[in-house]
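The values are calculated or read from the model by the stated rules, or taken from the named source; none is laboratory data. The model shown is predicted, which means the values in this text are computed figures rather than measured ones. For neighbour counting, all protein chains shown are included, and Cβ atoms are generated from backbone atoms with ideal geometry for every residue, glycine included.
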Amino acid sequence: MKVLVTGGAGYIGSHTVKELIKKGYEIIIFDNLSTGRKELVKGGQLIEGDLQSRESIKALFRSHSIQAVLHFAALMQVGESFLDPQKYYRHNLLTTLNLLEAMLEAGVKYFVFSSSAAVYGEPQYLPIDENHPLTPINPYGATKFMVERILEDYGRAYNLRYISLRYFNAAGADPDGQLGEMHEPETHLIPCLLLYWLGKKSDFQVFGNDFPTPDGTAIRDYIHVTDLARAHLLALEKLFSGGESQSLNLGSSRGYSVLEVIKTVEKVIGEKIKVKFGPRRPGDVPVLLASREKAQRELGWKPELSDLEFIISTAYKWHLSH
Ligand SMILES: NC(=O)c1ccc[n+]([C@@H]2O[C@H](COP(=O)([O-])OP(=O)(O)OC[C@H]3O[C@@H](n4cnc5c(N)ncnc54)[C@H](O)[C@@H]3O)[C@@H](O)[C@H]2O)c1
């Protein structure tokens, strides 16, 4: 089985490629290396190219017989999406439209999409299940919402079969130490703390300590990247075995505040980290927490590596060695 992984040289994509190869899939990675890294490509065939080019993605489908697509490639910085929404709408929508067009032309029917908890916007209840209203509050989340909508319509009209996976906070690194997070700039909490402690980041701020949470800092649902990767494999197999198109949350259903994360990082590194407190960022909500019941029911998936200390210890090992 040949599977195309767009963005397979990125953080979550590379971990997923590893799981797919273990299961015997043949992998083509299509990536423009804008945020991805060649060193995260440990297997599969890397084709450097940009999904913004309709022709190059069509040429790829003409020269390889691909059975399914996992689509990770996207721009994903919430803050930047507020400053330059045009960049986000153009990029995240056009790339996906080009990819879907090439797939349909080649008769490829199976699609797994990297969506996000950002499709939900302000939580109206917790934990958030898949029936929660979709009211994204930033342009990045809006692009994910719009792609999910496009998939619904394409599914109906062209018999495309898809699963949209709505990730909560991806974190941690490959337990074997081969892969990890290398965003530039890094904006995620755990790598930011570790990079600050290692002297590779000059500043670290906690954004807001006046949230209505027990310690005043925001609570998020962290999910180990290898747990996410395994869910992609299960989603793909669900589609191959005739499973329905749908959207599924991928989270641990356990929330940790920023201060709890800092304390656990301190425990793992064995030192105190001096942090500053700054104002809340626009659009940051107090608590995000996934209900993962549907993913468990539909895919038989549950997190196995998402204990916070384990997440942080894998990230720590990765950052020490890179
Ligand atoms: N990291 C998270 O916590 C998180 C949470 C929710 C959703 N997501 C989604 O998961 C996906 C992967 O996230 P990640 O953290 O691995 O990001 P990443 O930046 O590490 O990976 C994205 C990859 O896509 C590639 N890419 C981007 N634009 C491209 C284009 N036009 N053509 C070809 N390749 C292109 C990049 O080079 C990179 O390798 C994204 O769609 C993101 O929105 C991530």
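Things to note:
- Inter-residue pairs, beta-carbon under 9 Å, first in the same structural domain as Gly121 (by TED's automatic domain parsing) and under 12 Å from Ser116 (Cβ atoms) and in the stretch 131-151, second crowded, with 20+ Cβ neighbours inside 10 Å and of a type in the set (D, E, K, R), 6+ apart: Pro136/Lys144; Lys144/Arg166; Glu148/Arg166
- Those residues of the stretch 88-121 which are among the charged types (D, E, K, R) and part of a helix (DSSP H, G or I), in sequence order: Arg90, Glu101, Glu105
- When the strands (runs of 3 or more DSSP E) confined to the stretch 205-288 are screened for residues that are of a type in the set (S, T, N, Q) and surrounded by 19 or more Cβ atoms within 10 Å (Cβ to Cβ), those reaching at least 1 such residues are found at 246-250, 255-257.
- Test: Asp210 is within 23 Å of the chain's Cα centre (by Cα) and more than 30 Å from Met1 (Cα to Cα): no
- Hits in the stretch 124-164 (condition: in contact with a Leu (Cβ under 7 Å, 6 or more places away or on another chain), assigned to a helix (DSSP H, G or I) and not hydrophobic (A, V, I, L, M, F, W, C)): Thr143, Tyr154, Tyr158
- So Gly36, is it within 13 Å of the ligand (Cβ to nearest atom) and either on the phi > 0 side of the Ramachandran plot or touching a residue at least 12 places away in the same chain (Cβ under 8 Å) (or both): yes
- Checked against (1) at pLDDT below 95; (2) among the hydrophobic types (A, V, I, L, M, F, W, C); (3) near the ligand (Cβ under 10 Å from one of its atoms), Met1 passes all but a single condition, namely (3).
- Against the conditions (1) modelled with pLDDT of 95 or more; (2) among the small types (Gly, Ala, Ser); (3) surrounded by fewer than 17 Cβ atoms within 10 Å (Cβ to Cβ), Gly79 satisfies every one except (1).
- Output for the stretch 52-100, where each listed residue is away from the ligand (no atom under 11 Å from the Cβ), under 15 Å from Thr143 (Cα atoms) and hydroxyl-bearing (Ser, Thr, Tyr): Tyr89
- Yes/no for Leu320 being part of a helix (DSSP H, G or I), in contact (Cβ under 8 Å) with a residue 60 or more places away in the chain and within 14 Å of Gly172 (Cα to Cα): yes
- Test result for Gly49, among the small types (Gly, Ala, Ser) and either under 19 Å from Leu160 (Cβ atoms) or at pLDDT below 95 (or both): no
- Hits in the stretch 177-205 (condition: in contact with a strand residue (DSSP E or B) (Cβ under 8 Å, 6 or more places away or on another chain) and among the aliphatic types (A, V, I, L, M)): Leu189, Ile190
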